[in-house]
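*Asks:* Below you will find the structure I want to go over with you.
The values are calculated or read from the model by the stated rules, or taken from the named source; none is laboratory data. None of these values were measured; they are calculated from a predicted model. Neighbour counts run over all protein chains shown; Cβ positions are idealised from the backbone, glycine included.
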Ligand SMILES: NC(=O)c1ccc[n+]([C@@H]2O[C@H](COP(=O)([O-])OP(=O)(O)OC[C@H]3O[C@@H](n4cnc5c(N)ncnc54)[C@H](O)[C@@H]3O)[C@@H](O)[C@H]2O)c1
């Protein structure tokens with residue numbers, strides 16, 4: 001497809017068919033006027049497992065085959081994080097649109113390199129900040145933007161599970177992109193102060209649990225609790241405002257968004273004192289459309305319209321910048337802990 005032309009059918013190839021890539025392939029294939037024409041994975045078993053679901057797609061171990069195909073419009077990168085920047089840069093160099101799974105890169109330098117590549121061409125670059133496409137998160141953001149919660153005081157999230165143990169990234173980089181991208185989107189600012197603590201129990205140097213703190217220019221605070229070593233399966237974000245509070249609980253089948261008319265009102269009978277207000281608890285109706293389907297559709301719509309994706313390369317960069325700052329704080333805390341332990345044992 002010639003650069004700039006609007007394709008009648010959008011042709012997509014998916015690179016990386018491990019745990020997550022098949023979900024992307026399935027959702028893109030289900031969209032009208034989209035053909036998943038290539039599936040690519042270095043692991044032949046992973047590739048073969050997808051053959052029955054995509055009988056007309058070509059299978060390959062090498063992304064080169066996708067990049068050489070003039071009929072291919074876009075590539076979806078769902079390979080492990082260390083490969084994101086290199087693969088996505090090659091896709092852009094081949095003049096194709098690219099969807100990169102979260103996070104945009106493994107380091108700030110990689111994310112910056114991708115932003116530069118995105119800005120020097122006219123191809124769509126979108127990062128898979130899935131939660132930003134969740135109808136409950138969209139509704140929560142609309143409520144915040146309309147001032148329905150009053151002034152936002154703080155936001156905190158928990159993303160816990162006895163989940164997939166990874167060795168190529170820690171809980172911060174594996175689970176944190178969701179909460180960081182949503183916090184940045186809801187608050188609409190970038191933090192001026194971050195700190196993090198974490199512990200590695202299962203594999204040396206790979207934190208299984210991370211506690212992160214961010215403070216924003218307007219004074220809003222945010223806390224993250226991320227762990228794949230936890231008895232509870234929780235995916236929850238709470239926003240505390242001056243007028244109302246709201247919780248997005250992604251583990252609930254229904255009632256994922258709950259709004260609490262709770263807070264403290266000034267007691268006009270006694271100056272300087274407050275009265276607790278505990279009013280209605282409401283649960284707005286939220287569409288149950290799969291967020292991944294909405295995200296995939298948005299990428300294709302952007303290819304067709306030339307519109308900048310809601311989660312473009314710059315939003316990917318902002319999230320990676322926060323993740324890297326949290327990681328630096330984590331590393332500094334770990335080395336302070338190591339010297340303190342040395343002090344105890346040698347002292
Ligand atoms: N949005 C979400 O909720 C969500 C959830 C899980 C994972 N992810 C993201 O998806 C990506 C993949 O995660 P995963 O859990 O599926 O990992 P995974 O390790 O299960 O699968 C990765 C696959 O990529 C293949 N691969 C690696 N390098 C390749 C290359 N150069 N060319 C072709 N194939 C290659 C591997 O063989 C493997 O099959 C990561 O970026 C992760 O952050 C997103």
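*Asks:* Quick one: residue 56 ticks every box in (1) more than 26 Å from the chain's Cα centre (by Cα); (2) within 18 Å of residue 309 (Cβ to Cβ) bar one, so which box is it?
*Replies:* With (1) more than 26 Å from the chain's Cα centre (by Cα); (2) within 18 Å of residue 309 (Cβ to Cβ) applied to residue 56, the lone miss is (2).
*Asks:* Looking at (1) part of a helix (DSSP H, G or I); (2) surrounded by 17 or more Cβ atoms within 10 Å (Cβ to Cβ); (3) within 15 Å of the ligand (Cβ to nearest atom), which one does residue 82 not meet, given that it meets all the others?
*Replies:* (2)
*Asks:* Same structure, new question: What are the pairs with Cβ atoms under 8 angstrom where one residue, in the range 15-32, is on the phi > 0 side of the Ramachandran plot and the other, located anywhere, is within 8 Å of the ligand (Cβ to nearest atom)? Sequence gap at least six, or different chains.
*Replies:* What qualifies is 16/40; 16/41; 16/77; 16/78; 16/79; 16/80; 16/83; 16/101.
Yes/no per residue for (1) surrounded by 17 or more Cβ atoms within 10 Å (Cβ to Cβ); (2) within 16 Å of the ligand (Cβ to nearest atom); (3) modelled with pLDDT of 95 or more:
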residue	(1), (2), (3)
237	yes, yes, yes
242	no, no, yes
247	yes, no, yes
258	yes, no, yes
266	no, no, no
270	no, no, no
274	no, no, no
288	no, no, no
293	no, yes, yes
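*Asks:* Only one of (1) surrounded by 17 or more Cβ atoms within 10 Å (Cβ to Cβ); (2) more than 13 Å from the ligand (Cβ to nearest atom); (3) not in a loop (DSSP other than H, G, I, E, B) fails for residue 142. Which number is that?
*Replies:* Failed condition: (1).
*Asks:* Name the one entry in 39, 72, 66, 47 that is closer than 23 Å to residue 117 by Cβ, outside any loop (DSSP other than H, G, I, E, B) and in contact with a strand residue (DSSP E or B) (Cβ under 7 Å, 6 or more places away or on another chain). If you could, list the steps in order and put the result at the bottom.
*Replies:* Values: 39 fails: closer than 23 Å to residue 117 by Cβ; 72 fails: outside any loop (DSSP other than H, G, I, E, B); 47 fails: closer than 23 Å to residue 117 by Cβ.
One residue alone meets the criteria, 66.
*Asks:* Could you list, in sequence order, all residues of the range 95-130 that are within 16 Å of the ligand (Cβ to nearest atom), over 20 Å from residue 328 (Cβ atoms) and touching a strand residue (DSSP E or B) at 6+ places or on another chain (Cβ under 8 Å)? Full working, then the answer.
*Replies:* Residues of the range 95-130 that are within 16 Å of the ligand (Cβ to nearest atom), as a first pass: 96, 98-107, 110-111, 114, 125-130.
Right, trim to over 20 Å from residue 328 (Cβ atoms) and you get 96, 98-101, 114, 125-130.
Residues satisfying the conditions are 96, 98, 99, 100, 101, 114, 125, 126, 127, 128.
*Asks:* May I ask you to say which residue of 39, 47, 92 is under 30 Å from residue 325 (Cα atoms) and either at pLDDT 95 or above or more than 9 Å from the ligand (Cβ to nearest atom) (or both)?
*Replies:* Working: 39 fails: under 30 Å from residue 325 (Cα atoms); 47 fails: under 30 Å from residue 325 (Cα atoms).
Within the list 39, 47, 92, the selection yields 92.
*Asks:* Additional query: Go through the range 138-158 and report how many residues are over 21 Å from residue 287 (Cβ atoms) and out of contact with any strand residue (DSSP E or B) (no Cβ under 8 Å at 6 or more places or on another chain).
*Replies:* Count: 1.
*Asks:* Starting from residues that are out of contact with any strand residue (DSSP E or B) (no Cβ under 6 Å at 6 or more places or on another chain) and either at pLDDT below 95 or closer than 25 Å to residue 141 by Cβ (or both), keep the ones in the range 205-221 and report whichever is surrounded by the most Cβ atoms within 10 Å (Cβ to Cβ).
*Replies:* So the first thing to find is which residues in the range 205-221 are out of contact with any strand residue (DSSP E or B) (no Cβ under 6 Å at 6 or more places or on another chain), and the list is 205-206, 216-219.
Subsequent filtering for residues that are either at pLDDT below 95 or closer than 25 Å to residue 141 by Cβ (or both) retains 205, 216-219.
On the way: 205: 9, 216: 20, 217: 11, 218: 11, 219: 10.
Checked the range 205-221; the qualifying residue surrounded by the most Cβ atoms within 10 Å (Cβ to Cβ) is 216.
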